[in-house]
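Quick notes on the structure that follows.
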Amino acid sequence: MEPILTLYEFQKRFTSEEACFEYLKNLHWPNGFRCPVCGNSEHYFLSGNRLFQCKNCKHQTSITAGTVFHKLHHPLSVLVWAVYLVSTTKKGLSAMELQRKLGIRSYKSAWLLLQKIRQAMSPVGRLKLTAEVEVDETYIGGSREGKRGRGAENKIPVAVAVETDGKTMGRARLNTVSSPSREDLHAFIHTCIAPGALIHTDGLPSYGCLEGYHHEPRKKTKANDDVLPKVHIVVANLKMWLRGTYNRLPSKHLQRYLNEYTFRFNRRWNLETIFSTLLWRCLSTHTITFADLKG
Ligand SMILES: [Zn+2]
């Protein structure tokens, strides 16, 4: 992935629709055009409407067809700018900010574009966490923030795992779960963590009898009441980010927000490629419609 370091460099490169088109074309087809239907590489280019027509099967396709931007009518420069802003703004941005910054006509249209970009932030490949991992659960939403127990009404339980390596943290995974039950937490662990890993949890009985892993529950002591310091940092940062960026916590779309947070967190040391990674993800992710999102 080609690094895009600064806003200055970005502006110098993406000066026109043509420049955005060329960049997207090379990202989409790094080895040249391939017909999505028959795989043929020979094509006509209908430049007026930027369509590629396969010489073999006559199928017509565009740079955004079949991608997360499918059937969006924004200029390519708006799409590229939106991905740049979403990926490089440290705390992310709301649909209203996106609308204002890019002059998108309606809030709904900006919101849909942002949701589609978030869709491209969903985990792919399912690379599991390895080695040593802290696992905990928290609650998001409702009128008061909190952990387990009372006050948890209307809150959504979220399972959190983060790789730990001495003093540093590696990658994280955050998934909504229907309850902090043994079944749900074990399923989260099996989905997100490679077998054989060393897992640290607190003493919640739901984590008991964890098969396929080395499980070391940690007990609180007077001297140490934070037995899962790394995962608690992830949770604290998540809550701060949600509070600071979104006025109303979108419980229905919470997993998308968790995906966005995880995408950023797992690339916090790769900021120079985060824009091109996300743009590439947008081109290789199937779209999601307004009806899907509202359904
Ligand atoms: Zn074809």
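Do you know which residues across the range 54-68 are out of contact with any Lys or Arg (no Cβ under 7 Å at 6 or more places or on another chain) and surrounded by 17 or more Cβ atoms within 10 Å (Cβ to Cβ)? Scanning the range 54-68 gives CYS54, THR61, THR64, THR67.
Applying the set (1) in a strand (DSSP E or B); (2) touching a helix residue (DSSP H, G or I) at 6+ places or on another chain (Cβ under 9 Å); (3) open to solvent by 20 Å² or more (accessible area, probe 1.4 Å) to SER178 leaves exactly one unmet item: (1).
One residue is enough: does the range 3-15 have a residue meeting the conditions open to solvent by 90 Å² or more (accessible area, probe 1.4 Å) and aromatic (Phe, Trp, Tyr)? Yes, that holds for at least one residue. When GLY92, GLY125 are screened for being at pLDDT below 90, within 22 Å of ASN270 (Cα to Cα) and surrounded by 19 or more Cβ atoms within 10 Å (Cβ to Cβ), only GLY92 passes.
Quick check, is GLU42 out of contact with any His (no Cβ under 8 Å at 6 or more places or on another chain), free of Cβ contacts under 8 Å to residues at least 60 places away in the same chain and within 30 Å of ASN237 (Cβ to Cβ)? Considered against the rule, which asks whether it is out of contact with any His (no Cβ under 8 Å at 6 or more places or on another chain), free of Cβ contacts under 8 Å to residues at least 60 places away in the same chain and within 30 Å of ASN237 (Cβ to Cβ), GLU42 comes out as no. Selection of the range 17-50 for residues being open to solvent by less than 50 Å² (accessible area, probe 1.4 Å) and either among the polar types (S, T, N, Q) or within 13 Å of the ligand (Cβ to nearest atom) (or both) yields PHE33, CYS35, GLY39, ASN40. No other residue among HIS59, HIS74 is farther than 25 Å from TRP241 by Cα, within 16 Å of the ligand (Cβ to nearest atom) and at pLDDT 90 or above apart from HIS59.
Could you please let me know if ILE274 is at pLDDT below 85 and either loosely packed, with under 15 Cβ neighbours inside 10 Å or touching a helix residue (DSSP H, G or I) at 6+ places or on another chain (Cβ under 7 Å) (or both)?
The answer is no for ILE274.
Screening THR130 against (1) under 29 Å from THR168 (Cα atoms); (2) open to solvent by less than 20 Å² (accessible area, probe 1.4 Å); (3) modelled with pLDDT of 90 or more leaves a single unmet condition, (2).
The values are calculated or read from the model by the stated rules, or taken from the named source; none is laboratory data. In this text, all values refer to a predicted model and were calculated from it rather than measured experimentally. Note that we place each Cβ from the backbone using ideal geometry, even for glycine, and neighbour counts take in every protein chain shown. In case anyone asks, the SASA skips ligands and DNA or RNA and just uses the protein heavy atoms, side chains included. Shrake-Rupley method; radii C 1.70, N 1.55, O 1.52, S 1.80 Å.
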